[in-house]
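Here, each number is a calculation from the coordinates, and none is a lab measurement. Computed from a prediction, not measured in an experiment: that's the story for all the values here. All Cβ positions, even for glycine, are placed from backbone atoms using ideal geometry, and neighbour counts span all protein chains on display.
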Amino acid sequence: MYLKPRFEELLNPDVWRAAASQAFFSLSLGMGGMLTYASYLKRDQNLPESATAIAFTDFSVAFIAACWCSR
């Protein structure tokens, strides 16, 4: 089910409400995480490299978790 999308669900307002809730929750946690992470950075830290690694790791964990939970 996870990798077989049902596009008709895009017309369901509950789906959009759930997606918006998830996005705001993720962004609020992400902002807190970034502030905490940034407070420990050294001045010579490569920010684009760190941001790419964090984004890739976040996506990977979410994708694997969704695959695992959809069993």
>> Please list, in order along the stretch 58-69, the HN-Hα scalar couplings obtained from phi with the Karplus expression 6.51 cos²θ - 1.76 cosθ + 1.60 (θ = phi - 60°), rounded to whole Hz, x for Gly and Pro.
In response: 4, 4, 4, 5, 5, 5, 5, 4, 5, 5, 5, 6
>> If the only charges are +1 at each Lys and Arg Cβ and -1 at each Asp and Glu Cβ, what is the size of the charge dipole of the chain around the Cα centre, to the nearest 20 debye?
In response: 100 debye
> What ranking of Ile54, Ile64 emerges when the number of other C-beta atoms within 10 Å of each C-beta is taken as an exposure proxy, fewest first?
Replying inline: Ile64, Ile54
> In degrees between 0 and 90, to the nearest 10, how far off the longest principal axis of the chain does helix 13-39 point, with axes built from Cα atoms?
Replying inline: 10 degrees
>> If you scale each eigenvalue of the Cα gyration tensor by 5 and take the root, what three semi-axes come out for the chain, rounded to whole angstrom and sorted largest first?
In response: 31, 15, 10
> Residue by residue, what Karplus-based ³J(HN,Hα) values in Hz, rounded to whole numbers, does the stretch 42-57 have, using 6.51, -1.76 and 1.60 with θ = phi - 60° and x for Gly and Pro?
Replying inline: 7, 5, 8, 5, 7, 5, x, 5, 5, 5, 5, 5, 5, 5, 5, 5
> How large is the helix-only mean residue ellipticity at 222 nm for the chain, computed as the sum of -39500 (n - 2.57) over DSSP H runs with n ≥ 4, divided by its residue count, in deg cm²/dmol to the nearest 500?
Replying inline: -25000 deg cm²/dmol
